[in-house]
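The structure appears below as C-alpha cells.
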Amino acid sequence: MEIVRSVFYFLFAGLCELGGAYLIWLWLREGKAPWFALLGAIVLVAYGFMHTLQPANYGRIQAAYSGFFIALALLWGWQIDKVVPDKYDLIGAAIALVGVSVIMYWPRT
C-alpha cells in the first residue's frame, strides 16, 4: 500500500508541476489573463508540498521524481500539445521508470 500511495504522490506532484508551469506559460506566451499566472503559482506551491509526503529522504525523492516527470511530460505533450511520443521517447521513459523503481522501491538491506 505504501508503494501505491508513493506513486500517487509522484503522479499528483507531476500534474501540479506541469499544470502550474503550463498556466504560467499560457500567461506569458499566449497572452492569457494574469490570473493564469497566479493560479499557476498556487499550483506550483502545492507541488512543493507533495514531496514532503513521500516515505524517503529529499535527495532520493528528487532523483526518483525526475524519472516520473520524464514520463508525465511526454504524456502531457501528447494530450495537451498533441505531440505524439515516438518509440525512442517511450523507450527512454521506460528506462527512467525502471530507474525510479530501483531508487525508491528496491528493498534496502
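Quick look at the values:
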{"read-out": "Enumeration of residues in the range 79-109 that are hydroxyl-bearing (Ser, Thr, Tyr) and modelled with pLDDT of 95 or more", "value": "88"}
{"read-out": "In the range 17-68, the residues that are polar (S, T, N, Q) and surrounded by 12 or more Cβ atoms within 10 Å (Cβ to Cβ)", "value": "54, 62, 66"}
{"read-out": "Scan of the range 1-39 for residues that are over 20 Å from residue 50 (Cα atoms) and within 18 Å of the chain's Cα centre (by Cα), ordered by number", "value": "25"}
{"read-out": "Long-range neighbours under 7 Å by Cβ, at least six apart or interchain, first residue free of Cβ contacts under 8 Å to residues at least 60 places away in the same chain and within 21 Å of residue 23 (Cα to Cα) within the range 73-100, second surrounded by fewer than 11 Cβ atoms within 10 Å (Cβ to Cβ) and among the aliphatic types (A, V, I, L, M)", "value": "78/84"}
{"read-out": "Qualifying helices (runs of 4 or more DSSP H) (wholly inside the range 1-93; at least 2 residues being among the acidic types (Asp, Glu))", "value": "2-30"}
{"read-out": "Output for the range 57-109, where each listed residue is farther than 16 Å from residue 12 by Cβ, among the aromatic types (Phe, Trp, Tyr) and under 17 Å from the mean Cα position of the chain (by Cα)", "value": "58, 78"}
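The values are calculated or read from the model by the stated rules, or taken from the named source; none is laboratory data. This is a predicted model, so every value here is computed, not measured. So basically every Cβ, Gly included, is an ideal-geometry build from the backbone, and we count neighbours across all protein chains shown.
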